[in-house]
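Worksheet: one structure, shown below.
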Amino acid sequence: MALADGDASSSSCDGDDEYQKFIQKMNPPRITIDNTSCANVTVVHVDSANKYGILLEVVQVLTDLNLMVKKAYISSDGGWFMDVFNVTNQNGQKILDKSLLDEIVDYIHKCLGADSFFSPSKTRYVGVEPFSDYTLIELTGTDRPGLISEVSAVLTNLECNVVNAEVWTHNKRAAAVMQVTDTKTGLAILDTERLCRIRERLRNVFKGSNRSQDAKTTVAMGITNTERRLHQMMLEDRDYERYDTDRENVIPRPMVSVVNWLEKGYSVVTVRCKDRPKLLFDTVCTLTDMQYVVFHGSVDTEGPEAYQEYYIRHIDGSPVNSEAERQRVIQYLEAAIERRVSEGLQLELSTGDRVGLLSDVTRIFRENGLTVTRAEVSTRDNKAVNTFYVRDAAARSDVDLKTLEAIREEIGQTVLQVKGHPAHLKPPPQESPTRFLFNSLFRPRSPYSLRAIRS
């Protein structure tokens, strides 16, 4: 069993952790909300004892709360972290809901407190791992049409229910983080032999015809933000090197530069690109996982494009020290930005959850010539709330209207909603809530799906 961090360094890491906890207890974070200084945004001030990874912690909190960062001012040179974030809700409005304002303060306090579990340097991998409520599965490999349909069909055949999942594709590579339970007990799968069978079957599905050695089925030990983990998995899979025609279609292309300010010992990273949700999280996450510390920075998304500027050093105190490393930083950041760009047409599914739902839905997509480029699958109170980004067989996001109508007719027009399609779709009629359930249960599977299950 390979470990990313050597055992010999564990005692040193533990000592550093205890020291950081002591500093945090002596200097608890201070979070203040200012709703009077600016007319259109809510200003969040965060002051705290400085530590490695603290910027990512705060940005992750704001991202998890679905807040849009319009501007940010970052300063953490020395022993203190002082940042200012101008934020709005997803509709571009300042935050007026007192309960949400209280949640922002409370959430940041918990994440920055002495007992927080954030650990930016620990990335150990141990295979398929059961947690108390679910089994966490990670997959990386070659992307191809129908891949998600095959994976979900295999899991259904192995009596696994997908509770939550997130799937990314980029440069012909795919990565997935899935939480599954046993279909009979609704709990984590604990049997070692069964876990081995699951791992091997999924590895076979994820093998590409030309890069079979790259298929991986692993899991991160401990609690990790799913999107951050997907970035890590994509970087480990070197998706930034596998450019294809999709990359040329990213319009406009992100502009990333790295120059050294030798007098101050910083490297200055500049990012210019089209703004989008979670852009700040993606760039800060990438720099942190490359073990760079942001000492100063500014973010501005209020113009025609997003502008980010970071003054960074490696955790060893040095700036970017070679041309090869400079190119690596640029490649990593470009890939992190592009992973959420040109994802495809957005389809939203909302219906009662049941075993095999994901398998049936993705099978219907595949049989109608659609490829899933990204997926977010979640279960809340026995209700499935899923978002899929799809393209047609020609890799276009403007899917044919007849295809969409056929899919909605089969799944249920009130169950599946299409977001952002320029063409006019039929208004959803009144439907029985069980129509899709029985249609999917009794519809015969195609021979292609059966072959995927038996593989």
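The values are calculated or read from the model by the stated rules, or taken from the named source; none is laboratory data. Note that this is a predicted model, so its numbers are computed, not measured. Backbone-built Cβ (ideal geometry, glycine too); neighbour counts: all protein chains shown. Each accessible area value is taken on the protein alone, full model and side chains, heavy atoms only, with ligands, DNA and RNA left out. Shrake-Rupley method; radii C 1.70, N 1.55, O 1.52, S 1.80 Å.
Summary of values
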| quantity | calculated |
| --- | --- |
| Neighbourhood net charge (10 Å Cβ-Cβ; Lys/Arg +1, Asp/Glu -1) for Val418 | 0 |
| Residue-normalised accessible area of region 250-337, expressed per residue, 1.4 Å probe, Å² | 44 |
| Entries in Lys51/Lys264; Lys51/Lys274; Lys51/Lys71; Lys172/Lys274 that, when Cα-Cα distance is taken, lie over 28 Å | Lys51/Lys274 |
| Burial order of peptide ranges 91-98, 230-237 (average beta-carbon count within 10 Å, highest first) | 230-237, 91-98 |
| Amide H partners (placed H, <5 Å) of Asn164, local residues excluded | Gln179 |
| Inter-site label distance for Asp133 and Glu103 at 7 Å from Cα along Cβ, in nm | 1.6 |
| Karplus (6.51, -1.76, 1.60) ³J(HN,Hα), θ = phi - 60°, over region 53-67, in Hz, Gly and Pro reported as x | x, 5, 4, 4, 4, 5, 4, 5, 4, 4, 5, 4, 8, 6, 9 |
| Accessible area per residue, Å², region 149-188 with all protein chains present, probe 1.4 Å | 29 |
| Protection proxy ranking of 345-354, 31-40 - average other beta-carbon atoms within 10 Å, highest first | 345-354, 31-40 |
| Phi-based couplings in Hz for region 153-170 (Karplus 6.51, -1.76, 1.60; Gly and Pro marked x) | 5, 5, 4, 4, 5, 8, 6, 10, 9, 7, 8, 9, 7, 9, 10, 10, 10, 6 |
| In order through region 391-400: 3J(HN,Hα) via Karplus (6.51 cos²θ - 1.76 cosθ + 1.60), integer Hz, x for Gly, Pro | 10, 7, 5, 8, 6, 9, 8, 7, 5, 4 |
| Computed label-point distance, nm, for sites Glu241 and Thr192 using a 7 Å Cα→Cβ extension | 3.5 |
